[in-house]
Amino acid sequence: MYNDNPTLEGLKKEIDESKQGEVFFQGEAANTADAGNKHFYIESYGCQMNFSDSEIVASILAESGYRPTRNMEESDLILINTCSIREKAEETVRKRLRIFDKVKESRPGTLVGVLGCMAERLKSKFLEQEKLVDLVVGPDAYRDLPALISTAEEGDKGINVFLSREETYADISPLRLDSNGVTAFISIMRGCDNMCSFCVVPFTRGRERSRNAFSIVAEATDLYEKGYREVTLLGQNVDSYKWENPETGAPVTFAQLLEMVAQVHPDLRVRFSTSHPKDITDEVLYTMARNENICKYIHLPVQSGNSRVLDLMNRTYSREWYMDKVRRIYEIMPDCAISSDIIAGFCTETEEEHAETLSMIEFAQYSMSYMFMYSERPGTLAERKFEDDIPEEIKKRRLQEIVRLQTATSLQHNQKDIGKTFKVLIEGDSKKSDQDFKGRNTQNKMLVFPKKSDLQPGDYCYVKVNEVTSATLIGEIVD
Ligand code: SAH
Ligand code: SF4
Ligand code: F3S
């Protein structure tokens, strides 16, 4: 679910960092009929939830007459949607703010706004530390943006970091920015009630709440009708989705929601992220197995392969429990791919315990992982209770060992696909050549293959795999 991996300099990067700091462009917004003359520019960092939130922000701004632009120099409002998950993520934001300061100096009157998790974490401190910032807006306060902008235009600072127990932006139709027109995210819940000891998210995103199931299905239907062919249901912990139909009092579980979205159309693929191992149920696994269009891919972050460390992390499962979950997934769906998030060098982790994380990669046969060095975050349980006592060099070395093993495991995983034929949803041109398409199979693996003239993005085709790297399958279309 997370895109950046700033700790891997010098190593082959497994992580798609290309989206970090992505500048959103017109997309559908170019056609926004009632858009005014003012322009906003927005950069997003962090997880997919943040990218999805930027589309909600864009929709709110379009309603009040702002058009998106890719050119910071011509914008009246520069926004940065921020992440606090690791120290490096916050440093990146500070660096970008220095650039925005320069634009502001050359174009007085330009407003700079900080949105998202770092705004929530630092609140008014941000305005003290960053004198040129005009707006500080937390993840639950985006409806207030037009009013806050007016305040800032009058020369006062605009701040709203109120966290809500209800806000899900259910009625807001996100403005799909910089979209490929084929795949889209749908937020199904907000916040997180798990208190993983290392994690800042419960503090920056507030309490967990689930969005109206009918509004989710309506959004998926609308996307399908507009030509989209894949939706990813997003939440920090999607398996604890729970919404009660106010008319009937009947609860909707995540498994039921999955089925409802899968029924929108057999050609609409459904993905979801992230699953907490403690909450994913057999009902979800059987629902996946039953529906061809629910992709056979589960992001199931383990964090550590050792039970004592998992206990310190407050993940509420043990190594053995996690292994049983993995076995269950492969038992119900032998062709399912599983990926993970892994933290190297959490407080007090020993070499033996680190070795158990390595062996978990082999056991679970992850198709890929997002891998990080532990970064202590202010206010978290771990910061208050434990010492961040693993020296930087040791964290780095452990991370390198994890990355090397995962890269080899990903390569082996992909090598098993040589000679196989997969149904692929074409997403667009490959990064390297406009003669090639790229698209994913159900296991979320990226395939690259020569174009065929009668096919276009949004079409499905069958691709036979001829060769692989640790990150990509290379093949050709077969009939
Ligand atoms: N809700 C998701 C994860 C959200 S954060 C889940 O429970 O899996 C994405 C990932 O960032 C986490 O899975 C974790 O691996 C990593 N992460 C979170 N806090 C971190 C910290 N303080 N230091 C290093 N990595 C961290
Ligand atoms: Fe953070 Fe844990 Fe919540 Fe994920 S489940 S967002 S790691 S507290
Ligand atoms: Fe996401 Fe970063 Fe916030 S990972 S929830 S943007 S702290």
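For Cys336, list long-range residues whose amide hydrogen, built 1.01 Å from N in the peptide plane, is under 5 Å from its own amide hydrogen.
Residues meeting the amide H criterion: none.
What shape does the range 22-160 have by the C-alpha gyration tensor, where a ≥ b ≥ c are the square roots of the eigenvalues, rounded means a/c under 1.5, and otherwise prolate means a/b greater than b/c and oblate the rest?
In terms of gyration-tensor shape, rounded.
Among DSSP beta bridges whose residues both lie in the range 129-260, state the antiparallel percentage, nearest 5.
40 percent
Between the range 91-106 and the range 405-420, what is the separation of their alpha carbon centroids in Å?
42 Å
Could you let me know the centre-to-centre spacing of the range 188-210 and the range 346-399, using Cα atoms, in angstrom?
21 Å
Please identify the GluC sites (Glu not before Pro) of the range 375-479 that satisfy two criteria: DSSP loop assignment and at most 13 other Cβ atoms within 10 Å. Which are they?
Sparse-neighbourhood loop GluC sites (Glu not before Pro): Glu387.
With +1 on each Lys and Arg Cβ and -1 on each Asp and Glu Cβ, how big is the dipole of the chain about its Cα centre, in debye rounded to the nearest 20?
540 debye
Please enumerate, by chain and number, the lysines with C-alpha under 22 Å from the C-alpha of Lys420, excluding those fewer than 8 residues away in the same chain.
Lys296, Lys438, Lys445, Lys451, Lys452, Lys464
Take the alpha carbon atoms of the range 108-152, find their center, do the same for the range 258-306, and report the distance between the two centers in whole angstrom.
36 Å
Loop only by DSSP, 13 or fewer other Cβ within 10 Å of the Cβ. Give me the trypsin sites (Lys or Arg not before Pro) in the range 179-253 that pass, ordered by residue number.
Loop-located and lightly packed - Lys226.
Considering only Asn245, Ala147, Ile361, whose Cα is most displaced toward the positive end of the charge dipole of the chain, charges sitting on Cβ of Lys, Arg (+1) and Asp, Glu (-1)?
Checking the options against the dipole of the chain, the answer is Ile361.
Within 15 Å, Cβ to Cβ, of Phe162, how many net charges do the neighbouring residues add up to if Lys/Arg are +1 and Asp/Glu are -1?
Residues close to Phe162 contribute a combined charge of +3.
Calculated from DSSP H runs of 4 or more alone, at -39500 (n - 2.57) each and per residue, what is the 222 nm mean residue ellipticity of the chain, nearest 500?
That calculation yields -10000 deg cm²/dmol at 222 nm.
By a straight-distance test (C-alpha under 17 Å), which lysines pair with Lys123 as possible cross-link partners, with residues fewer than eight away in the same chain excluded?
Within reach: Lys131, Lys157.
Quote the charge dipole size of the range 180-295 about the Cα centre in Debye, to the nearest 20; the model charges only the Cβ of Lys and Arg (+1) and of Asp and Glu (-1).
Magnitude of the dipole: close to 380 debye.
Using θ = phi - 60° and the Karplus curve 6.51 cos²θ - 1.76 cosθ + 1.60, what whole-Hz ³J(HN,Hα) does each residue of the range 112-126 get, with Gly and Pro shown as x?
10, x, 10, 10, x, 5, 6, 4, 5, 5, 9, 6, 5, 4, 4
With the alpha-carbon atoms as the only input, what is the per residue convex hull volume for the range 108-230 in Å³?
Normalising the Cα hull of the range 108-230 by residue number yields 137 Å³.
Please compute the length gained on full extension between Tyr460 and Arg143, using 0.36 nm multiplied by the number of residues separating them and subtracting their Cα-Cα distance.
Stretched out fully, the Tyr460 to Arg143 stretch lengthens by 110.3 nm.
Mind listing the long-range amide H neighbours of Gly305? Cut-off is under 5 Å, sequence gap 5 or more, other chains count too, H placed in the peptide plane at 1.01 Å from N.
Thr357
Can you work out the Karplus-derived ³J(HN,Hα) for every residue in the range 73-82? Use 6.51 cos²θ - 1.76 cosθ + 1.60 with θ = phi - 60°, whole Hz, and x for glycine or proline.
For the range 73-82, the Karplus curve yields 5, 9, 8, 8, 9, 9, 10, 10, 8, 9 Hz.
Among Gly379, Leu310, Tyr322, whose Cα lies farthest out toward the positive end of the dipole of the range 296-416, if unit charges sit on the beta carbon of Lys, Arg (+1) and Asp, Glu (-1)?
Ranked along the dipole, the leading option is Tyr322.
Can you list the residues, at least 5 places off or on another chain, whose amide H is less than 5 Å from the amide H of Arg269, using H built in the peptide plane?
Those qualifying (amide H under 5 Å, at least 5 residues apart or on another chain) are Glu230, Val231.
So which cysteines in the chain don't have a second cysteine's C-beta under 4.7 Å from them?
Cysteines lacking a close Cβ partner in the chain: Cys47, Cys83, Cys117, Cys192, Cys295, Cys336, Cys347, Cys461.
Excluding His39 itself, what net charge comes from residues whose Cβ is under 13 Å from its Cβ, given Lys and Arg +1 and Asp and Glu -1?
After counting each charged neighbour, the total is +1.
What is the dipole size for the range 22-160, taken about its Cα centre, with +1 at each Lys and Arg Cβ and -1 at each Asp and Glu Cβ, in debye to the nearest 20?
480 debye
Residue farthest toward the positive end of the dipole of the chain, with Cβ of Lys/Arg at +1 and Asp/Glu at -1: which of Ser52, Asn212, Tyr169?
Result: Ser52, furthest along the dipole toward the positive end.
Provide the gained length on full extension for the span Glu362 to Glu476, in nm with one decimal, where the gain is 0.36 nm per separating residue minus the Cα-Cα distance.
Length difference between fully extended and current span is 38.1 nm.
So if I average 1/r over every pair of distinct C-alpha atoms in the chain and take the inverse, what Kirkwood radius in Å does that give?
Answer for the chain: a Kirkwood hydrodynamic radius of 23.3 Å.
Read-outs throughout are calculated quantities, based only on the coordinates presented, and are distinct from any laboratory measurement. Computed from a predicted model, the values in this text were never measured in an experiment. Ideal geometry is used to build each Cβ from the backbone, glycine not excepted, and the neighbour counts take in all protein chains shown.
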